[in-house]
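Read through the structure below, which is laid out as structure tokens, and then see the notes.
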Amino acid sequence: MDWVIEARELTKTYIMGEIEVQALRGVSFTVKRGEVVSIMGPSGSGKSTMMNTLGCLDRPSSGEYILDGESVAQMNDDQLANVRNRKIGFVFQSFNLLSRLTAVGNVELPLRYAGITQGRREKAQNALEAVGLKDRMFHRPYELSGGQQQRVAVARALVNNPAIIMADEPTGNLDSKVGKEIMNLLLNLNKELGTTLVIVTHDPKIAEQTQRVIRLKDGELDTIDENPGGMK
Amino acid sequence: MSFAQAIMEALESLNGNKMRSGLTVLGIVIGVAAVIAMLAVGNGAQASITGSISSIGTNLLFIFGGAPSQDGPPGSGPRTSGNNERPLTLGDANALLDSFAAPSVEMVAPAIQGNGLLTFSSETTSTSISGVTPEYSQVRNLEIAEGEFINQEHILGRMSVVVLGPETAIELFGHADGIVGETIRIEGQPFRIIGVLVARGGGAFGSEDNSAYIPFTTAQARLIKRSARDEVDVIFVQATTAEAVPSAVEEVSNIIRQRHRTPVGADDFTVFTQQDFLSIFSQITGVLTIFLGGIAGISLLVGGIGIMNIMLVSVTERTKEIGLRKALGARKRDILLQFLTESSLLSLIGGIIGTIFGWVIARIVEQVATATGNTFVPIVGVDAIILSTSFSAMIGLFFGIYPASRAANLEPVEALRYE
């Protein structure tokens, strides 16, 4: 099987003052290449920690995590940065665009850190075209609507051809109509480019559009639901 | 990320917060401007003093009574009279004219000096009075604007005549021309004016413009009393050439030692050359320049701390941006480079503006000096410009290290969560 994500017995322990908090208590699951999965769970279930670990923003305390064939659990900071740059595209709830830069400038950022200079502008423009913002390339974030900003963020996430796109409540700051548009955009990209999509959400309507729903509870895997109604 | 990109991004970021960047730069601007201006003024002062010492003649020797002191030129303080010290006398001065014992000596001019009150009708002024011989005007390069200098006849006749410096003349008469023949009183005694000197500007040893010269014999007999017979305060000696100055010093010292019967090393007199004065004054102005530059350097340091302060604020403010950049694949050194570039650029820009500003200040000082009648040219050296500009960039780099490393070491998860 072609796994993009292989998580084995992941644990994460935070030390807050004198108390140890176990955010993850041995979670194992796998995600196929090209799959669309959602991660759900009430607050405190370890959802965010899972997202940070899968996104290589943080290391697990123990366990094994193989991302696109690379074992990343024991990597150092710079190696993790490199993995994030090449293999992961992030879409955040609050867009996280740099207001100083134009849309295309924001999309270029991952390419800058990848050390790409040749054809960088072109690649960024192609990515913006793919999300339907061809005519907004040189606008700054504050000149764009919320939906447009999130589209820029999506373009930024896919510009490096990542193995997976990690979306953390991608529709959380948008009204339902625009939220639906963004969801459709992400699902279409998955269909056209085959990019694996991991969406962290608490919204059942979002979750039911995905192929599998991974539910967490108290830092443990609760259930994994195959979703027959989800997109294939 | 390449260096050119880092600079472009830093410029974008600094441009995004113009007010803050401007105020931060101002600290460096003031520091660098102060350094440039202070060094320029210090160097200018040095050049000016050196110039005015050179103008008194390169082949001049000064002989003062009293043992050489460690502190500075004798005659500048009260004279210490040791047990066996003998004052310089006219006899000493005449002995120096021996062309066999002192072939390097061209001319000798003994003088006694004091201060006195000059009056003309209701005007009064206090000035330095020198009792001199005719040689004095040649040895000191004095130029007569009107009338004549003291001649041998005046000396022999102990005549009550006076040559005035132009400033003294203006003090008494309101003008310096057409006063030859007038009679003024010095310490109550009448003196006829026979000449007025050409204005020369401030010298290193008090202004020659503000003085009065009377025949040596007249001063000795009537105005300036000295305990020993024929005592003189200073003997000016002109060497044949500038190159002959060292041998002239040697010859003159030997003659006076013989006459005073002092062993070598226990001299009761001091010979100064113009070179000695030059080195003393360049020492003084050198210290002055370092002192001024040091004070200005402190303000540069304060500017640097200002940069650090602002960069720390900036790091805190942009925590989320740093988190995002890290999420997108920025490594530690990318973030480090970004913030170091910003801080160095800030101070480099400040350094360049400050250099221009310091140069302008130096020019203003020059204008003010010229307007008040002094010729004083501050010197802005290329070395000072290079020094202060590179120093300011270094300061930006140094004070940027701490904030930048703080930014680079932020945890991406926490930085992203920061609001």
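Below is a table of values for the structure above.
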| read-out | value |
| --- | --- |
| Residue among A:G17, A:G63 that alone is exposed (fewer than 14 other Cβ atoms within 10 Å of the Cβ) and more than 14 Å from every other protein chain (Cβ to nearest Cβ) | A:G17 |
| Residue within the stretch B:12-24 that is touching a helix residue (DSSP H, G or I) at 6+ places or on another chain (Cβ under 8 Å), crowded, with 16+ Cβ neighbours inside 10 Å and more than 14 Å from every other protein chain (Cβ to nearest Cβ) present | yes |
| Selection from the stretch B:213-228 of residues that are out of contact with any helix residue (DSSP H, G or I) (no Cβ under 9 Å at 6 or more places or on another chain) and either aliphatic (A, V, I, L, M) or more than 19 Å from B:Q152 (Cα to Cα) (or both) | B:A219, B:A221, B:L223, B:I224, B:K225, B:S227, B:A228 |
| Wholly enclosed strands (runs of 3 or more DSSP E) of the stretch A:1-51 bearing at least 1 residues within 14 Å of A:A73 (Cα to Cα) and not β-branched (V, I, T) | A:3-16, A:19-32 |
| In the stretch B:233-256, residue surrounded by the fewest Cβ atoms within 10 Å (Cβ to Cβ) [restricted to those that are farther than 15 Å from B:F64 by Cα and of a type in the set (V, I, T)] | B:T241 |
| Residue identified as more than 25 Å from B:R331 (Cβ to Cβ), at pLDDT below 90 and more than 14 Å from chain A (Cβ to nearest Cβ) among B:A393, B:A371 | B:A371 |
| Odd one out for B:F277 among (1) of a type in the set (A, V, I, L, M, F, W, C); (2) in contact with an Asp or Glu (Cβ under 9 Å, 6 or more places away or on another chain); (3) part of a helix (DSSP H, G or I) | (2) |
| Failed item, numbered, when A:L189 is tested on (1) in a loop (DSSP other than H, G, I, E, B); (2) surrounded by fewer than 23 Cβ atoms within 10 Å (Cβ to Cβ) | (1) |
| Within the stretch B:222-239, tally of residues that are touching a Pro at 6+ places or on another chain (Cβ under 8 Å), more than 25 Å from B:S104 (Cβ to Cβ) and not in a loop (DSSP other than H, G, I, E, B) | 1 |
| Candidates A:D135, A:D68, A:D58, filtered to the one that is surrounded by fewer than 23 Cβ atoms within 10 Å (Cβ to Cβ) and within 11 Å of chain B (Cβ to nearest Cβ) | A:D58 |
| Odd one out for B:D230 among (1) in contact with a strand residue (DSSP E or B) (Cβ under 8 Å, 6 or more places away or on another chain); (2) within 14 Å of B:I129 (Cβ to Cβ); (3) surrounded by fewer than 19 Cβ atoms within 10 Å (Cβ to Cβ) | (2) |
| Only one of A:L97, A:L80 that is part of a loop (DSSP other than H, G, I, E, B), crowded, with 17+ Cβ neighbours inside 10 Å, under 18 Å from the mean Cα position of the chain (by Cα) and within 11 Å of chain B (Cβ to nearest Cβ) | A:L97 |
| Test: residue in the stretch B:302-313 that is of a type outside the set (F, W, Y), surrounded by fewer than 20 Cβ atoms within 10 Å (Cβ to Cβ) and within 14 Å of chain A (Cβ to nearest Cβ) | no |
| Residue in the stretch B:331-354 that is in contact with a strand residue (DSSP E or B) (Cβ under 6 Å, 6 or more places away or on another chain), surrounded by 19 or more Cβ atoms within 10 Å (Cβ to Cβ) and aromatic (F, W, Y) present | no |
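The values are calculated or read from the model by the stated rules, or taken from the named source; none is laboratory data. Since we're looking at a predicted model, the values are computed, not measured. Note that we place each Cβ from the backbone using ideal geometry, even for glycine, and neighbour counts take in every protein chain shown.
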